[in-house]
Structures are given as C-alpha cells and as structure tokens.
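Worksheet: the structure to be examined is printed underneath.
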Amino acid sequence: MRAVIERDKLLKILNRVQAVADRKSSMAILSTVLVEGRENVLSLSATDLEIGYRGEVPVELEGEGAFCLPARKFYEIVRNFPRETLILEGELEGGVQIRDLDQDITYRLSVFAPEDFPSLPDISGETVVEVPGETLEDMLEKTLYAAATDEARYALSGILVTREGENLRLVATDGHRLSLVDREVPGVEVLPLEEGVIVPRKAAQEIKRMASEEVVVRLGIQDHHFVVSSSEGVLLARLIEGQFPDYRAVIPRDPGRRVLVHRERLTEALKRVSLLASDKYRVVRFDFAPGEVVLTGSGGELGEARERLPLSYEGDPFTINFNARYLLDVFNVMESEEVELDIGSERTPCRITGPEDPGFLALVMPMAV
C-alpha cells in the first residue's frame, strides 16, 4: 500500500485518534491506531474498549492494506513533519515508511497485526439528531466540572444525557454539587432517552473537543453506545450501566434567600480570600447582611483573609460556608454578568442561575463547620 496524504488533514484526524488510544493499557494493541486503505480513503481507528474513534482522510492510494501503528509515535511524527505532503507506504511484514516526496526525510515504524485490533460496533443504522457543535460544546462545558472523578462512584463518573420535552438535557453531579443544562434541539424525541443514558467522563471530554471543531455533529444511540459523528469521523462511547441519582429530588422547590451579585467581582474576591482558606476543603465563610457580604478565609495558624462586597440582598443577616472551588467552578462556566444565589439552610443546596445562561442551573451544597 502506498498513500500520498496532505499532512494537515492527517494530523487533524490523528489528533483525535491518539487521544482515544490507551497508552497505559497492558494490552499493547490498545495503544495503536488501525490504518486501513481502500478506494482512495485512509481510515484511522483507535479504542480503549470504552471509547472508540474512526476517522477518514482522502488520499492518493496505490493498492490496499491494513496495519496498526503506535498511535502516539505516529502522531508525533506527523505533527513534526516539515512538508505539506507525506507518503505512507509499506506492508505488514516489513514495517511502514513515512517519508517526503524526495525521500530526504524518512521514518520507519514497526507494525502490529490488524487482526488483533478490537472491532468497533457497526453504527450504520442508528437514528440520529443534529446538534450545532457550539451548542453541544457549551452544554458539556457547563456540566463536566461537576462529574465525579472517583471511579468508585461509577454512575456519577459520567454525564447523564436525557431529554425534557423538546430539550436535550445534560446533568452531572458528584454528590456535593450538581449542574444541569437544557437546550432546544429539534427532533430530539427520536433518540431513546426516556430513561436517560450515562456517557463516561473521558468520552464526554473527547466529545466536547470534537464538537468545538465542528459546525454540526450528529448524535445517536446504538448497541449500548453513544454515537457522535461528523463529516470526518465517528466517536463511539460505551454507556455506563448503573442508576443515576434522582437529580430532580435535590433541586430546592422553595427559592430560599435571594441574593444578586456581580459574578466577576465575587469570583475575584473568592480567589483572594481562599488563598488563606483551609487547603483541604477551601472553606470560605459568607456573612450576609442587607446590601453586602463579608467573605472570610481562615488558614488557622497561617492567618485570615477578609473581603467585603456590595450586593443585592434585603433579608435578615445570616452566615453560611461554602467550598470556594465549587463556587468558582460554577462561575467560570457562566456568562451572566450578575448571578442569582438562592440560599436556604446549611442542609439544602444553594441554587445558582443567571439571565445570560438560559437553561442552566447549578447546585452547591454548603459546608458544615
């Protein structure tokens, strides 16, 4: 097989493929990319058994063939290749050469047998719905931060994908905070989302990256996989089996005490005050009074930081504690200049919304000190 390829087109697909390949696995084949050439198309595939990606690059092809190459090394070679065009040629027994047209630059990579590469599910018949890439990227940006990183809490280590009427809904929670975002997506009712499906965190991160580079992506569900496709490739994510918690039950029905505050001012004040907050939990005390709040971060023997901020609040004075990092994570994904905090007791979550973040809702549990 001999393929003449535009470097930039190959690099774009390889960038996605190598991110999926599992470099830490004890199975060497999972750290490779399956390269298949036929009919002037080069197909590149990678999988870690939980996520799979398959992309295609147009090429000038002589002959056909298939082999597996070390994904990371293949990517690094192409990324650093100084020519606009490269040639990929070779056979399974003799390895593969990557070179320029004049043969001034030549690499040779050993290959793995394509028969050992795990097969990816056939997704030819799935029902799909189109979503603007920018929309899906924003939805994932607003939820990924709240997903659990503790793999022991398996059902919480992903994003719940469901629907609410004509809206696509994403939900994430780690038990201490929750994020929910709705976006209207025409035709979303064709997807089997009555009970919702859970997409693994790693897959959601790759989907976000994929969506950021596409005008439109297509979503589908088939054979226990969440499928995201574009004009250049398809990503398949094995769904998490488990029961996602009843997130509706934890959303406060009563608004609590309503506080309006400038998001960026509160963000910067929290960063400063939390410099002296406890390293482990980043606890910051909020002392609310009509028209103001005083933030206090105490580091024990290290000292204390205090900052006063103006805001809109007209109720009785009260004190409550929050993990500063949890609040900062919320504010960092919001667009609203002014945010609304609906604060109940120390045992009920604080509800955070903003007028320039339609369909978005965040919950953060206070901390008992």
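Within the range 346-359, identify whether any single residue is of a type in the set (A, V, I, L, M) and either farther than 30 Å from Glu164 by Cα or in contact with a Lys or Arg (Cβ under 6 Å, 6 or more places away or on another chain) (or both), and answer yes or no. Checked against the condition, which is being of a type in the set (A, V, I, L, M) and either farther than 30 Å from Glu164 by Cα or in contact with a Lys or Arg (Cβ under 6 Å, 6 or more places away or on another chain) (or both), the range 346-359 yields no hits at all. Every test in (1) crowded, with 18+ Cβ neighbours inside 10 Å; (2) of a type in the set (D, E, K, R); (3) under 17 Å from Ile251 (Cα atoms) is passed by Asp357 save one, and that test is (3).
Being under 19 Å from Leu235 (Cβ atoms) and surrounded by fewer than 23 Cβ atoms within 10 Å (Cβ to Cβ) is not true of Asn40. Only residues that are over 14 Å from Lys12 (Cα atoms) and polar (S, T, N, Q): list them for the range 199-242, please. Once the filter is applied, which keeps residues that are over 14 Å from Lys12 (Cα atoms) and polar (S, T, N, Q), the range 199-242 yields Gln205, Gln222, Ser229. Evaluating Asn321 against the criteria (1) of a type outside the set (Gly, Ala, Ser); (2) touching an Asp or Glu at 6+ places or on another chain (Cβ under 9 Å); (3) open to solvent by 80 Å² or more (accessible area, probe 1.4 Å); (4) in contact (Cβ under 8 Å) with a residue 24 or more places away in the chain leaves one unmet condition, (3). Checked against the criterion of being among the aromatic types (Phe, Trp, Tyr) and in contact with a Ser or Thr (Cβ under 8 Å, 6 or more places away or on another chain), the range 94-108 has no qualifying residue. Determine whether Val199 is more than 23 Å from Met334 (Cβ to Cβ) and not polar (S, T, N, Q). No: the conditions fail for Val199. Every test in (1) open to solvent by less than 40 Å² (accessible area, probe 1.4 Å); (2) touching a strand residue (DSSP E or B) at 6+ places or on another chain (Cβ under 6 Å); (3) over 18 Å from Glu206 (Cβ atoms) is passed by Phe81 save one, and that test is (2). Charged (D, E, K, R), in contact with a helix residue (DSSP H, G or I) (Cβ under 6 Å, 6 or more places away or on another chain) and modelled with pLDDT of 95 or more - does that describe any residue in the range 124-141? Within the range 124-141, one or more residues are charged (D, E, K, R), in contact with a helix residue (DSSP H, G or I) (Cβ under 6 Å, 6 or more places away or on another chain) and modelled with pLDDT of 95 or more. Within the range 335-346, the residues that satisfy the criterion of being surrounded by fewer than 20 Cβ atoms within 10 Å (Cβ to Cβ) and either in contact with a helix residue (DSSP H, G or I) (Cβ under 8 Å, 6 or more places away or on another chain) or under 17 Å from Thr173 (Cα atoms) (or both) are Ser336, Glu337, Glu338. Considering the range 127-162, the residues that are among the acidic types (Asp, Glu) and either crowded, with 23+ Cβ neighbours inside 10 Å or in contact with a Leu (Cβ under 9 Å, 6 or more places away or on another chain) (or both) include one that is farthest from Leu239 (Cα to Cα), namely Glu130.
When restricted to residues that are in a helix (DSSP H, G or I) and either acidic (Asp, Glu) or open to solvent by 80 Å² or more (accessible area, probe 1.4 Å) (or both), the range 261-285 contains 6. Which residues, taken from the range 156-176, are closer than 15 Å to Arg201 by Cβ and over 16 Å from the mean Cα position of the chain (by Cα)? Across the range 156-176, the qualifying residue is only Gly175.
Would it be correct to say that Glu307 is farther than 25 Å from Glu141 by Cβ, assigned to a helix (DSSP H, G or I) and among the acidic types (Asp, Glu)? Judged against the criteria, Glu307 is not a match.
Scanning the range 97-133 for residues that are without any contact (Cβ under 8 Å) to a residue 40 or more places away in the chain and β-branched (Val, Ile, Thr) turns up Ile98, Ile105, Thr106. Residue count for the range 43-71, restricted to those that are assigned to a strand (DSSP E or B), open to solvent by 20 Å² or more (accessible area, probe 1.4 Å) and under 18 Å from Lys24 (Cβ atoms): 1. Taken over the range 5-23, the criterion of being assigned to a helix (DSSP H, G or I) and either aliphatic (A, V, I, L, M) or free of Cβ contacts under 8 Å to residues at least 12 places away in the same chain (or both) is satisfied by Leu10, Leu11, Ile13, Leu14, Val17, Ala19, Val20. When Gln243 is tested against (1) closer than 19 Å to Ser345 by Cα; (2) touching a residue at least 24 places away in the same chain (Cβ under 8 Å); (3) open to solvent by 60 Å² or more (accessible area, probe 1.4 Å); (4) assigned to a loop (DSSP other than H, G, I, E, B), just one condition goes unmet, and that condition is (1). Among the residues of the range 193-214, are any of a type in the set (A, V, I, L, M), free of Cβ contacts under 8 Å to residues at least 60 places away in the same chain and farther than 24 Å from Ile352 by Cβ? Within the range 193-214, one or more residues are of a type in the set (A, V, I, L, M), free of Cβ contacts under 8 Å to residues at least 60 places away in the same chain and farther than 24 Å from Ile352 by Cβ.
The values are calculated or read from the model by the stated rules, or taken from the named source; none is laboratory data. Values in this document were obtained by computation on a predicted structure and should not be read as measured data. When we count neighbours, we look across all protein chains shown, and the Cβ atoms used for this are built from the backbone with ideal geometry, even at glycine. To get the accessible areas, we keep the full protein, side chains included, count just its heavy atoms, and leave off ligands, DNA and RNA. Shrake-Rupley method; radii C 1.70, N 1.55, O 1.52, S 1.80 Å.
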